[in-house]
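The values are calculated or read from the model by the stated rules, or taken from the named source; none is laboratory data. All values reported here derive from a predicted model rather than from experimental measurement. Using ideal geometry, Cβ is built from the backbone for each residue, glycine included, and neighbour counts are taken over all protein chains shown.
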Amino acid sequence: MLIFREYIRIVGLWAVLFLLAGTTTTWAQGFKISGKACVPDQECKADSITFTDSVLSNVATRVWNFGDGTTVTKQNDSIARHVYQNAGTYVITLTRTVNGKTVISDGKINISTPPPSFTNWRTDTTICKGETITLDPYAGSTQSGFRYLWYPKGDTTQSIQVDSSGCYSVEAISPNGCSYQNRINVDVCGEKKESQGVKWYFGQKAGLDFGGGGNPKPITDGNLSTIEGSSSIANTKGILLFYTDGITIYEKDGKPMKSLVPGDTNTVQIPLNGNTHSTQSALIVPKPTCRGCEYLYYVYTTSEIRGKKTLTYSVVDMRQNAGKGAIVEKNIPISGESTEQSAAVENKRDSTYWVITRIYGTNKFEIRHLTRSEEPTTTTYQGGQVIDSLANAEGYIKIGPADTTGGNEGNRPMAVVIPGPPTNSIDLYTFNDSTGNMTFNRTLVIGPAPPKAYGVEFSPDGKNLYVTMLADTNANGTQKGASYVLKYDLTQKDSLLTQSKTVVDSSTTRQYGSVQIGPDGRLYIAVKGSSTLATIDNPNGGLLDSLIFNPSGQTLGGQISQLGLPNLVANFNDPSNGPGLTYADTCVNAPTVFQIGPNCPKLKETYTLDYGDGSRPYSTTATQPVTHGYAKPGQYFVTLRIVTRTSAGGICKDTLIKDTLTIVELPPDIQLGADTAVCNKKGIVLDMKVQAKLYVWLVNGSIASRQKTITLNRPGFYRVIALAANGECFKSDTIEVQIKPPPSLDLGPDTVFCYRSSVKLTVPQQTWSTFQWSNGGTDRSTDVSQAGTYYVTAQNFAGCENSDTIKVSELPKLRMAATLTNPKSCTLSDGAIAVRLLTPGTYYYRWTGPSGNLFVDTTSQQTALAPGTYKIQVTDSIYACKVDTSFLLPPPPPPAFSLTDLVALCEGDQGKAQLTASGAAGLTYLWLSPRTDTTKSILVDTPGNYQVKVTDPQGCTAVGLSRVVNLCEPRLSVPDAFTPNSDGVNDDLKVFTSYITDYEFRIYNRWGEVIFESNNPDQKWDGTYRGSTYPSMLYPYIVSFKSESFPDRPRVVKRGTVMLIR
């Protein structure tokens, strides 16, 4: 690209005067000469002079003679380029072969000498706050006729006064139009440099300011309104330069940037060729200059893939418009077959940039190297998957952190999202920011779409890859299904990479979009329609500290996120360095290493470190690591004082940095034991058996658990490392475990048993020798009679162990209904039984009669049955389950009749009793043995049981029983007098009794004394008492007794007198 074409037609009149310096555009006879006609600056690799033939048709060959002894032959190319090494006037001769004839054209060019280099020009320097220095390219000597243009404010004097940090460059232009340029970087002591990615603008007027350290602050005065891509850039002081959505470029004050492109006025405002629905719609990349500051910026834009597929660029010159910048070139086409993807990275070793884009329909990348040369150098790389659908071209490209290991400097991981359908995947590459070499490594298959892979970002250490998945949407735009944030461990081999997936979060209400690393090392994730961003703290997710995900971790101050976050040069988000104190190894009795960060590296500084434990402070002028041991755990208040001095010895800055250091105890030693091998299905449980705040298990190099114990149960070889940590202080142990797959043990399919029965469970595989069943059994087989889940653990002689589980169910009880038809006569067989099973199925029936006889008929119904009890056994045809029951067919009811139940007679008195049976008409009576009477009534005189059989007209009988008992009334008679005179007649008083018990008889004298007493009715009184004869008189008596036949009656008491006569 010629300076003439690139700048003259687009910049303002004042800038044209300077930009025309040394530029030649003339027409010789038949060809045009254009370019900067100056002796080249060897350091800057100046551009060549371009010679363009005006004859375009029928030219077979062109031989260019540039007049300095150099010639070049061209075929089918009308343009030639040449660099003149010395000043002077040269004659150029073009010899053409046209239709077989020779045609010659001549022309002249005058090559001028550029201005001298700057004498005594300062190197990059540091000044103290409030100090002013003078910048003068020629140290006070005047160069006649020279003009000057300074950056950043566009000053045109020979010298300027500087009292603030920044990059300052000046271009000196001699009267012949040739120029020389150089720059100086000025730092202010104590002023922290910021990364150029500290200002983010995105979404609906949303933004974040990472300047000043700490948590980012919401920016609420942005003017973007975009769904997806945007880009922004700041200077190293953290001051915003401009931002864009790929359609409009906004100045730092939020106004559309002034355009110097002819025809593009504030009224017209030709939009850039980006799109609010393009994933990486815009990308701002500085244009390197030779010894100059960065004041030119490319703004690359990609159109929406379902549109024109265009890749274009515009140019912003920050020297214009009083340092606010102006667009000097707009919508310059690069490609008409581009995807929505773009990425860039800086090579900090030579301050050049690489821009990477894709060609749609291929697996090719275009790699543009932005150097000091006017035109970028473009190469292509072919590798990875072909982008052959519109959906494939929508994912992000991201370049990760540089590899700092020996021999790999400059290598960076690169991820290219290839969304589905049908399948989501990410192609992984290595890009070298020194050479521009690109290598395809492998493809990470994520899974089917939807959800659709969208955003991607590397962790700061490049070992983890984070991917966002867009959920599908309904017709009304609402979310359909879940959106995901995924994490993959890039240290895993190809076969394990997909399996290393961790679902950081999934949500059916949050739509996760772009994921972008911030200058603070955190990851920020766009959440569509939300006033917050999701965040991931510690995305490195180290062994001793896991990542922390917060779905609303960063407020936007009321503004709204969409899907996109700003697309930045990859290392513009690297954290900036500044004064400070870092430390490592914070364990008791271990040397803690302190690293001092200088305040002003270019000035002399003294560092005094107070460890906070009462020990002597340490002073030094060097920044090498310092070690110190702490004897006890606890918190220590550490201070670092930095005294910065000027070159004259005065104090430039006195800085005190305070920090709190926590020293922790080491956990006890872990003893995992010797290496082991197990042969079972349950595996092995490993236990650290120590107390610590954090536990980590590494299995074959990957984090497998953060618990105190871990279970390994898959067959294989495992190298297991256990770490127990308090903070960063840890102990570890290693064990190798082999888990052998045990022989098969299969109890077979789940089984059933019949209601209230049992089933035998058996281990059929003969390799097993010992058994332990869950019900306590220890044999190969065990009987179970209850439903449930049973398991068995078996071992063989080789020490292998396996187990299996079987579910045993109890079938429900067979239930049936029966219809009974009772016999109507006691002498005929006219009864019936019909059985119906309530559970559908096929059944067998077995009948047994009242006498135990088996029926020949095995159907569910029996007829012609006499009264009696019938048994039935029902068996189902599938499981052979049985149910037994019986049915009673009762005879017709016996005849009803009444019968004398109990009657008494006194056999001793020759008493008699009548027994009478009575009932309905038609009954017949038969008194059973010993009687044979057939009358209703009989007369009996003997106690006993008497039965009568009553028969009705249906032949049904009933037997009744009457009991005749001997029951006599008690009798007692006491004589009125007796004569104890020994004449043999009535000499004794005798009481006459019958059918009595408990007899008591007492005779009293006149004073109430008992003079005779007896319990035996046969005992008589002879009229004496204690050998004395009682006189004749009346003697009272009392007699009592109970009834022998009626013992329940009360005692009978009688009183009377007896006359004793002598």
For this session: Report whether or not Arg846 is more than 57 Å from the chain's Cα centre (by Cα), assigned to a strand (DSSP E or B) and of a type outside the set (A, V, I, L, M).
Result: yes
Exercise. Are any residues in region 805-831 surrounded by fewer than 18 Cβ atoms within 10 Å (Cβ to Cβ) and among the charged types (D, E, K, R), and if so, which ones?
Worked result: Lys807, Lys813, Arg815, Lys824, Asp830
For this session: Kindly indicate whether Val72 is surrounded by fewer than 15 Cβ atoms within 10 Å (Cβ to Cβ), farther than 18 Å from Ala37 by Cβ, assigned by TED's automatic domain parsing to the domain that holds Asp41 and touching a strand residue (DSSP E or B) at 6+ places or on another chain (Cβ under 6 Å).
Result: yes
Seminar exercise, completed: Among the residues of region 149-180, the number that are surrounded by fewer than 20 Cβ atoms within 10 Å (Cβ to Cβ) and aromatic (Phe, Trp, Tyr) is 0
Seminar exercise, completed: The residue from Thr244, Thr226, Thr276 that alone is within 22 Å of Val527 (Cα to Cα), modelled with pLDDT of 90 or more, of a type in the set (S, T, N, Q) and surrounded by fewer than 20 Cβ atoms within 10 Å (Cβ to Cβ) is Thr276
Exercise. Does Thr646 satisfy being at pLDDT below 90 and either over 30 Å from Leu581 (Cα atoms) or surrounded by 15 or more Cβ atoms within 10 Å (Cβ to Cβ) (or both)?
Worked result: yes
Exercise. Can you tell me which residue in region 566-607 is surrounded by the fewest Cβ atoms within 10 Å (Cβ to Cβ), limited to those that are of a type in the set (D, E, K, R) and modelled with pLDDT of 90 or more?
Worked result: Lys604
Exercise. Can you pull out the strands (runs of 3 or more DSSP E) entirely within region 162-205 that have at least 1 residues that are in contact (Cβ under 8 Å) with a residue 40 or more places away in the chain and within 15 Å of Glu131 (Cβ to Cβ)?
Worked result: 166-173, 179-188
Exercise. Taking interchain pairs and intrachain pairs at least six residues apart, which have beta carbon atoms under 8 angstrom, with the first residue in region 806-817 and in contact (Cβ under 8 Å) with a residue 60 or more places away in the chain and outside any loop (DSSP other than H, G, I, E, B) and the second crowded, with 18+ Cβ neighbours inside 10 Å and β-branched (Val, Ile, Thr)?
Worked result: Met816/Val835; Met816/Val874; Met816/Val883
Exercise. Of all residues in region 212-246, how many are more than 34 Å from the chain's Cα centre (by Cα), among the small types (Gly, Ala, Ser) and either in a strand (DSSP E or B) or at negative phi (or both)?
Worked result: 3
For this session: Can you work out which of the residues in region 337-360 that are among the acidic types (Asp, Glu) and over 16 Å from Asn273 (Cβ atoms) is surrounded by the fewest Cβ atoms within 10 Å (Cβ to Cβ)?
Result: Asp350
Exercise. Pairs under 7 Å by beta carbon, first residue closer than 15 Å to Asn589 by Cα in region 612-641, partner part of a loop (DSSP other than H, G, I, E, B) and aromatic (Phe, Trp, Tyr), six or more apart or different chains?
Worked result: Asp613/Tyr630; His628/Tyr611; Tyr636/Tyr611; Tyr636/Tyr630
Exercise. Of these, Ile560, Ile525, Ile536, Ile548, which one is at negative phi and in contact with an Asp or Glu (Cβ under 6 Å, 6 or more places away or on another chain)?
Worked result: Ile548
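Condition check ((1) closer than 30 Å to Ala722 by Cα; (2) hydrophobic (A, V, I, L, M, F, W, C); (3) in contact with a helix residue (DSSP H, G or I) (Cβ under 6 Å, 6 or more places away or on another chain); (4) surrounded by 17 or more Cβ atoms within 10 Å (Cβ to Cβ)) across all residues:
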| position | (1), (2), (3), (4) |
| --- | --- |
| Thr623 | no, no, no, no |
| Gln635 | yes, no, no, no |
| Arg641 | no, no, no, no |
| Gly673 | yes, no, no, no |
| Asn680 | yes, no, no, yes |
For this session: For residues that are surrounded by 18 or more Cβ atoms within 10 Å (Cβ to Cβ) and in a loop (DSSP other than H, G, I, E, B), scanning just region 402-415, find the one that is nearest to the chain's Cα centre (by Cα).
Result: Ala402
For this session: Kindly indicate whether any position in region 483-490 is over 23 Å from Asn347 (Cβ atoms) and charged (D, E, K, R).
Result: yes
Problem set entry | Condition check for Asp610: out of contact with any helix residue (DSSP H, G or I) (no Cβ under 6 Å at 6 or more places or on another chain), acidic (Asp, Glu) and modelled with pLDDT of 95 or more | yes
Problem set entry | The listed residue being charged (D, E, K, R) and in contact with an Asp or Glu (Cβ under 9 Å, 6 or more places away or on another chain), out of Asp669, Asp659 | Asp669
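Yes or no, residue by residue, for (1) assigned to a loop (DSSP other than H, G, I, E, B); (2) more than 30 Å from Glu1044 (Cα to Cα); (3) in contact with a Phe, Trp or Tyr (Cβ under 8 Å, 6 or more places away or on another chain):
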residue: Ser851; (1), (2), (3): yes, yes, no
residue: Gln862; (1), (2), (3): no, yes, yes
residue: Pro892; (1), (2), (3): yes, yes, no
residue: Val903; (1), (2), (3): no, no, no
residue: Leu926; (1), (2), (3): no, yes, no
residue: Ile938; (1), (2), (3): no, no, yes
residue: Lys949; (1), (2), (3): no, yes, yes
Problem set entry | Given (1) surrounded by fewer than 18 Cβ atoms within 10 Å (Cβ to Cβ); (2) touching a Gly at 6+ places or on another chain (Cβ under 9 Å); (3) under 22 Å from Pro116 (Cβ atoms), number of the condition Arg183 does not satisfy | (1)
Seminar exercise, completed: Of (1) of a type outside the set (D, E, K, R); (2) free of Cβ contacts under 8 Å to residues at least 24 places away in the same chain; (3) surrounded by 24 or more Cβ atoms within 10 Å (Cβ to Cβ), Leu283 satisfies every one except (2)
